[in-house]
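The values are calculated or read from the model by the stated rules, or taken from the named source; none is laboratory data. Just so it is clear, the structure is predicted and the values come from calculations on it, not from any experiment. Cβ atoms come from the backbone with ideal geometry, glycine included; neighbour counts cover every protein chain shown.
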Amino acid sequence: MTTALTFTLVFATLLVLNLLLKFWLAHRQMRHVAMHRANVPEAFASVIDVAAHHKAADYTIAKLRLGQWDMAIDSAMLVIWTLLGGLGLLDQLLLDMMGAGMAQQISLVVGFVFISAIVSLPVSYLQTFHIEQAFGFNRMTLGLWLSDMLKGAVLGAVLGLPLLWLVLYLMQSGGSAWWLIAWGVLVVYQLFVMWLAPSVIMPLFNKFQPLEDADLKTRVMALMQRTGFEAQGFFVMDGSRRSAHSNAFFTGLGKQKRVVFFDTLLKQLSADEMEAVLAHELGHAKLKHIPKSMLTSFVFTLVGLAGLGWLSTQTWFYEGLGVQPHWGSANDAVALLLFMMFVPLVTFVITPWQSARSRQHEFEADAFACQHASGADLRQALLKLYHDNASTLTPDPLYVAFYHSHPPAAQRLARLSA
């Protein structure tokens, strides 16, 4: 058996195992939520009514069913791009039209992204205008939905194409250690985008107004002084323009850091509850959760680029994934795309670890909030958010272990009560 055929069998096996595991987990979650749909858990019976509990269960199941279609389509496209020769066909078509060179390689990546985006449009449309609409969360018009996609595409081109050119150039001319230089470039690029986001990128999609609630602003400033945290300002984002869901978050780096509240959140919570929610978000910042997550991401990126550097020189890597490499010209774009399609099948096994780490961070941020604000107010705020966002109170434990970045409601509130 050739190395290429062996790699094909490994790829196909990983694809099938990934798909079966994902479908099995989704089925477990749907079954578990449906089994507990009839009765509100005792711990929530006094604050969550039966109608809200039913809505949360139905909303969860509807999203999972659509998610299963999304997984099936993604897997089918993965087979088409690789084992059925789709990527090789597109690459050869562009070579015949444009000849070899950087323009052809960039066009290959752009063509791949464009086709993938077109294929994903129906699921995105159904998510927004069927599921979110049916459960009363969608506020977007079709025009705004299309406008967001267009802005995203233009922004992706402006920010992404120069980076793509540089990475492909390094792959071609950077020598055997190109991947190390590329890693440094990607780290700087990610930090630059995070610094740029609050003042340039995010305002392209949402309006940000200074927080005008004097009482809340006084509370927020006092809380930040108590915790020794500085930010550029406090802003309210027009999240209600797109969705009834709510959130609060920090964004930016250095002097560009901002505290942002969704306008929907201000309508849902009292000033005491808002202070507690902000204390939780401050906990993430003060406990260095964001830098820790970024550092982990940088390490994985380094390992991944090193792997790409080796695989891009192996003929069996291309042939095993349905592409015949043309060694008379560069295969860098092909290698990059094949690697991006293959790696998620391998890294899926670390999903439970990433989820567990994130849930632990949430518990730590809750503990921080209890030290600097009211744990009772945070608990009350979470109850309101579970209710208003139709979050299921009865998730499957194994599904939680695999996917959930936040602890289940029962566990989280139990800790807060303790």
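A few comments on the model shown:
- Selection status of Leu378, at pLDDT 95 or above and out of contact with any Asp or Glu (no Cβ under 6 Å at 6 or more places or on another chain): no
- Of the residues in segment 16-25, at least one is part of a helix (DSSP H, G or I), under 29 Å from the mean Cα position of the chain (by Cα) and of a type in the set (D, E, K, R).
- Matching residues, segment 363-382, being in a helix (DSSP H, G or I) and surrounded by fewer than 18 Cβ atoms within 10 Å (Cβ to Cβ): Phe363, Glu364, Ala367, Gln371, Ala376
- Sole residue being touching a residue at least 12 places away in the same chain (Cβ under 8 Å) and more than 23 Å from Pro122 (Cα to Cα), chosen from Gln105, Gln68: Gln105
- Among the residues examined, Ser355 does not qualify as under 20 Å from the mean Cα position of the chain (by Cα), part of a loop (DSSP other than H, G, I, E, B), surrounded by fewer than 19 Cβ atoms within 10 Å (Cβ to Cβ) and without any contact (Cβ under 8 Å) to a residue 60 or more places away in the chain.
- All positions within segment 310-340 that are aliphatic (A, V, I, L, M), touching a Phe, Trp or Tyr at 6+ places or on another chain (Cβ under 7 Å) and not in a helix (DSSP H, G or I): Leu321
- Selection status of Glu273, out of contact with any strand residue (DSSP E or B) (no Cβ under 8 Å at 6 or more places or on another chain) and of a type in the set (Asp, Glu): yes
- Residues (touching a residue at least 60 places away in the same chain (Cβ under 8 Å) and surrounded by fewer than 18 Cβ atoms within 10 Å (Cβ to Cβ)) located in segment 11-20: Ala12, Leu14
- Filtering segment 388-413 to residues that are of a type in the set (Phe, Trp, Tyr) and in a loop (DSSP other than H, G, I, E, B) leaves nothing.
Each row is one residue, and each column tells you yes or no for (1) under 28 Å from Ser391 (Cα atoms); (2) among the β-branched types (Val, Ile, Thr); (3) at pLDDT 80 or above.
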{"site": "Ile201", "(1), (2), (3)": "no, yes, yes"}
{"site": "Lys207", "(1), (2), (3)": "yes, no, yes"}
{"site": "Thr218", "(1), (2), (3)": "no, yes, yes"}
{"site": "Phe249", "(1), (2), (3)": "yes, no, no"}
{"site": "Phe261", "(1), (2), (3)": "yes, no, yes"}
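- Of residues in segment 117-151 being touching a residue at least 40 places away in the same chain (Cβ under 8 Å) and small (Gly, Ala, Ser), the one farthest from Trp69 (Cα to Cα): Gly136
- Any hit, segment 269-281, residues being assigned to a loop (DSSP other than H, G, I, E, B) and among the hydrophobic types (A, V, I, L, M, F, W, C): yes
- Where a residue in segment 373-390 is over 13 Å from Leu265 (Cα atoms) and touching a residue at least 60 places away in the same chain (Cβ under 8 Å) and its partner, wherever it lies, is assigned to a loop (DSSP other than H, G, I, E, B) and among the polar types (S, T, N, Q), with Cβ under 7 Å and at least six apart: none
- Residue within segment 278-289 that is without any contact (Cβ under 8 Å) to a residue 40 or more places away in the chain and within 26 Å of Ser374 (Cβ to Cβ) present: yes
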